Amino acid sequence: QVQLVESGGGSVQAGGSLRLSCTASGTIFNIYAMGWLRQAPGKERAFVAALSWTRGTTYYSDSVKGRFTISRDSANNTVYLQMDSLVPDDTAIYYCATGRGIPRIVAGDLTSWGQGTQVTVSS
């Protein structure tokens, strides 16, 4: 079992930046990929970005491509989401998650997820 703890959410004006962090603990040798999903009020959970833990390859949703960057610190079992040029539509609860590969995370087939961190972008 993997435990995930997110941090770094907050409120920012449009055009601003935030960096989210997610640290994994527990049975971390089972991690194939990590990523971020988000859920806005009244909307379904949506994929944001994912990273292959072994290869370091990345994948982004079209809505954040070019603005968000996912990265990792393998030594500290931490994944980051650098969010730049934020817009009000980015307002959501952001969840860190693990999955058995990037396609699984994209599909919402997750093996573990955190409690979420709120990101609010004002216009």
Tell me the accessible surface of Ser7 in square angstrom (1.4 angstrom probe, heavy atoms of protein chains only), to the nearest ten. 60 Å²
Rounded to one decimal in nm, the spacing of the 7 Å Cα→Cβ label points at Gln39 and Gln1 is 2.0 nm
What accessible area, in Å² to the nearest ten, does a 1.4 Å probe give for Leu86? 0 Å²
Whole-number accessible area per residue in Å² for the chain, which is evaluated in the context of all protein chains at 1.4 Å: 52 Å²
Please give the solvent-accessible surface of Val12 in Å², to the nearest 10, using a probe radius of 1.4 Å with every protein chain present. 30 Å²
Roughly how many percent of the accessible protein surface of the chain is carbon and sulfur, given a 1.4 Å probe and a whole-percent answer? 47 percent
Quick calc of log₁₀ I(q)/I(0), the stretch 31-98, Debye, one scatterer on every Cα, no solvent, q values 0.16, 0.18, 0.27, 0.28 1/Å, result -0.52, -0.65, -1.28, -1.34
Label point 7 Å out from Ser74 along Cα-to-Cβ: which residues of the stretch 83-123 have amide N under 17 Å? 101-102
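Taking trypsin sites (Lys or Arg not before Pro) as candidate sites, keep only those in a DSSP loop with at most 12 other Cβ atoms within 10 Å, then name the longest stretch of the chain containing none of them. The partial results should precede the final answer.
Values: sites that count: Lys43, Arg55, Lys65.
The reported range is 66-123.
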What are the ³J(HN,Hα) values, in whole Hz, obtained from phi via the Karplus relation 6.51 cos²θ - 1.76 cosθ + 1.60 with θ = phi - 60°, for each residue of the stretch 39-45 in sequence order, with x given for Gly and Pro? 9, 8, x, x, 10, 7, 4
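For the chain, what is the convex hull volume of its Cα atoms per residue in Å³?
Numbers: hull volume 10.9 nm³, N = 123.
Value for the chain: 89 Å³ per residue.
The values are calculated or read from the model by the stated rules, or taken from the named source; none is laboratory data. In this text, all values refer to a predicted model and were calculated from it rather than measured experimentally. No Cβ is skipped: glycine too gets one built from the backbone with ideal geometry, and neighbour counts run over all protein chains shown. Accessible surface is based on the protein model in full, side chains and every heavy atom, while ligands, DNA and RNA are left aside. Shrake-Rupley method; radii C 1.70, N 1.55, O 1.52, S 1.80 Å.
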